[in-house]
């Protein structure tokens, strides 16, 4: 009885990590495309 439950838990964890990695990759892409230009502009202005 312990084997199927642990297998389902492992599958759930793998799916969770996969979806989280997809979210993080898209979020980092958005952050890079929208966040870096203002930051570099402010850094150049402060210099």
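The values are calculated or read from the model by the stated rules, or taken from the named source; none is laboratory data. Small disclaimer: the values here were computed from a predicted structure and weren't measured. Glycine gets a Cβ as well: all are built from the backbone with ideal geometry, and neighbour counts include every protein chain shown.
For this structure, a couple of remarks:
- Considering 44, 16, the condition of being modelled with pLDDT under 90 and part of a helix (DSSP H, G or I) is satisfied by 44 alone.
- Cross-chain or 6+ apart pairs with Cβ under 6 Å, the stretch 19-42 first and at negative phi and surrounded by fewer than 10 Cβ atoms within 10 Å (Cβ to Cβ), then part of a helix (DSSP H, G or I) and modelled with pLDDT of 80 or more: none
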